[in-house]
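Down below is the structure, laid out as structure tokens.
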2 protein chains.
Amino acid sequence: MTVPALNNWQSVQDEVVRRIHGGVWNQGDLIPNEADLAREFGCARATVNRALQSLADSGLLDRRRKAGTRVAMLPVRKATLEIPLIRKEICDKGHTYGYAQVTRRRVPSPARLASKMNLPRGTKLLHLLCVHSADAKPYVIEERWINPDAVPAVEGVDFSQISPNEWLLKHVPFSAGDIAFFAMSADQPVADLLECEVGEGLFVIDRSTRRDTQAITSVRLIFAPGYRMHTVLSLPT
Amino acid sequence: MTVPALNNWQSVQDEVVRRIHGGVWNQGDLIPNEADLAREFGCARATVNRALQSLADSGLLDRRRKAGTRVAMLPVRKATLEIPLIRKEICDKGHTYGYAQVTRRRVPSPARLASKMNLPRGTKLLHLLCVHSADAKPYVIEERWINPDAVPAVEGVDFSQISPNEWLLKHVPFSAGDIAFFAMSADQPVADLLECEVGEGLFVIDRSTRRDTQAITSVRLIFAPGYRMHTVLSLPT
DNA sequence: ATTTTTTATATGTCTGCACATATTAATGAG
DNA sequence: CTCATTAATATGTGCAGACATATAAAAAAT
């Protein structure tokens, strides 16, 4: 009695997930090697490889050369967040986008930022404070620090017309960086800008980006009350 | 004059990224097709395919059959969040893990949850309130709702010994779901549990998971002040 | 002019094969 | 017994060729 051949990597993946769900293979178990699975499923080893590699990426399997493939002990769930352009995010929700620059200054980099962005001491940074709004209500504060050494063109840009968020995405795309999410309580200046109560809990994103090792920009996004960042935990099957 | 062959997919990827960075290909541009690139780079089409597909996954390229591959217009940055077991997260930081169950009840599902979890009206849920702590200081509140229809075994579990977070990960792994991040202000009961001030801004994660279409569990994690969720935006090169 | 059908094309993926590489396990030297 | 060397093995990845599939563009029909 032969099973119909699983001749594409998705169906192989599904079958593997089914076996894990069904308890055929339990957490920590070593599963058969690619060649054996390929024979069993009636497909090429490359197909099995694609399926297993994809499952390893999503955290269900642990794979190591020679050691083989085993079902992950602590399946670390991975969520993929898409970080959109703020204007796009607001427009996609069907609101009218608004934008205003509040302040623009050149200042020596504060110590906290200098270390975070790995800057030489005394580097001058461009500091911008802006507000994005949805249907004329404040949506998010963008507090932006830009390293002019990394982006000389920034000196001539009028950020009352285009947000740093958008300009940087267009002109300095595809850089690496890191990102942190947390909550803070609104202080007076923030509450004024977001038109909310002092002390209210606000969702905040800190992000800094660099190209190679040179720091480009660091930004703090402080969202108005009610903001939710949402995504999906998708798993095969 | 020939270029040394780019004979692995990583170097092909690097070269493509270099061309985008260097302005050879600009945002929105159509790039040569896989066959041409393979010829130019001196490798197989499959290798180019692997490289471009990976770049499309990370949002740098848009690809469509017949239409070809172009540099993404609005490169949507993607961050991958790893959502660990709470106990593991605390231990990894070098703290002593503590756990306590506060309450356990069986209650009719509140309307808000019933719709979110897509439950028939009047379903009874198991409701648990627990606190995880690090070095004896409250770290996060776990407010958990479990659908006993989906996980009958849950009735016999003593959640004063093991957290729902951990038990569910062990016994109902690999489910799909969705997740939201936001901020709230501490009310009195929350402030009591987290030993913080009323009104303080707190980081919150709402997550609900299901297998197929059946709702399994929904959880709200309310983190103590100061919590930061951190990850890396990594890009090829 | 508009709609439908056909065709051409770029990506998507499978196959079978080969070799590279990491890492465990066996072997041998001291 | 311990440490270094060697062999065995599972995954990682490359190649050439083939066919599948989506879809933009061209051709045909209304």
How many of the residues in the range B:208-229 are part of a strand (DSSP E or B), at pLDDT below 95 and open to solvent by 30 Å² or more (accessible area, probe 1.4 Å)?
3
Residues satisfying the stated conditions in the range A:23-62, i.e. under 25 Å from the mean Cα position of the chain (by Cα) and more than 15 Å from A:LEU6 (Cβ to Cβ)
A:GLN53, A:ALA56, A:ASP57, A:SER58, A:GLY59, A:LEU60, A:LEU61, A:ASP62
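Taking into account only those residues within the range B:49-84 that are among the β-branched types (Val, Ile, Thr) and assigned to a strand (DSSP E or B), which is most open to solvent (accessible area, probe 1.4 Å)?
B:THR80
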Count - residues of the range B:186-199 that are surrounded by fewer than 20 Cβ atoms within 10 Å (Cβ to Cβ) and in contact with a helix residue (DSSP H, G or I) (Cβ under 9 Å, 6 or more places away or on another chain):
4
Could you count how many residues in the range B:169-185 are open to solvent by 30 Å² or more (accessible area, probe 1.4 Å) and of a type in the set (Gly, Ala, Ser)?
1
Applying the selection to the range A:52-92, what residues are farther than 23 Å from A:ILE179 by Cα and touching a residue at least 60 places away in the same chain (Cβ under 8 Å)?
A:SER54, A:LEU55, A:LEU60
Output the residues belonging to the range A:47-56 that are out of contact with any Asp or Glu (no Cβ under 6 Å at 6 or more places or on another chain) and near DNA strand D (Cβ under 6 Å from one of its atoms).
A:GLN53
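Can you tell me how many residues within the range A:151-168 are open to solvent by less than 30 Å² (accessible area, probe 1.4 Å) and in contact with a strand residue (DSSP E or B) (Cβ under 8 Å, 6 or more places away or on another chain)?
Summing the residues that are open to solvent by less than 30 Å² (accessible area, probe 1.4 Å) and in contact with a strand residue (DSSP E or B) (Cβ under 8 Å, 6 or more places away or on another chain) in the range A:151-168 gives 7.
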Of the residues in the range B:188-212, those that are more than 7 Å from chain A (Cβ to nearest Cβ) and within 13 Å of B:ILE141 (Cα to Cα) number 11
Subset of the range B:110-130 [closer than 30 Å to B:TYR227 by Cα, in contact with a helix residue (DSSP H, G or I) (Cβ under 9 Å, 6 or more places away or on another chain) and open to solvent by 20 Å² or more (accessible area, probe 1.4 Å)]:
B:LEU129
Scanning the range B:1-48 residue by residue, the ones that are within 14 Å of DNA strand C (Cβ to nearest atom), under 21 Å from A:LEU169 (Cα atoms) and not in a helix (DSSP H, G or I) total 4
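This table checks each residue for (1) within 10 Å of DNA strand D (Cβ to nearest atom); (2) in contact with a helix residue (DSSP H, G or I) (Cβ under 6 Å, 6 or more places away or on another chain).
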{"residue": "A:TRP9", "(1), (2)": "no, yes"}
{"residue": "A:ARG19", "(1), (2)": "no, no"}
{"residue": "A:GLY22", "(1), (2)": "no, no"}
{"residue": "A:PRO32", "(1), (2)": "yes, no"}
{"residue": "A:ALA35", "(1), (2)": "yes, yes"}
{"residue": "A:GLU40", "(1), (2)": "no, no"}
{"residue": "A:ARG45", "(1), (2)": "yes, yes"}
{"residue": "A:LEU60", "(1), (2)": "no, no"}
{"residue": "A:ARG70", "(1), (2)": "yes, no"}
Suppose we keep only residues that are in a loop (DSSP other than H, G, I, E, B) and in contact with a Phe, Trp or Tyr (Cβ under 8 Å, 6 or more places away or on another chain) within the range A:96-149. Which one would you say is modelled with the lowest pLDDT?
A:MET117
For B:PHE159, work out the one condition from (1) at pLDDT below 95; (2) away from every other protein chain (no Cβ under 12 Å); (3) in a loop (DSSP other than H, G, I, E, B) it doesn't fulfil.
(1)
Output the residues belonging to the range A:54-100 that are over 30 Å from A:ASN33 (Cβ atoms) and basic (Lys, Arg).
A:ARG87, A:LYS88, A:LYS93
Qualifying residues in the range B:49-83 (those that are aliphatic (A, V, I, L, M) and near DNA strand C (Cβ under 8 Å from one of its atoms)) - the one farthest from the other protein chains (Cβ to nearest Cβ):
B:ALA67
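The values are calculated or read from the model by the stated rules, or taken from the named source; none is laboratory data. Values in this document were obtained by computation on a predicted structure and should not be read as measured data. Ideal geometry is used to build each Cβ from the backbone, glycine not excepted, and the neighbour counts take in all protein chains shown. Ligands, DNA and RNA are stripped out before the accessible areas are found, and what is left, the full protein with its side chains, is counted by its heavy atoms. Shrake-Rupley method; radii C 1.70, N 1.55, O 1.52, S 1.80 Å.
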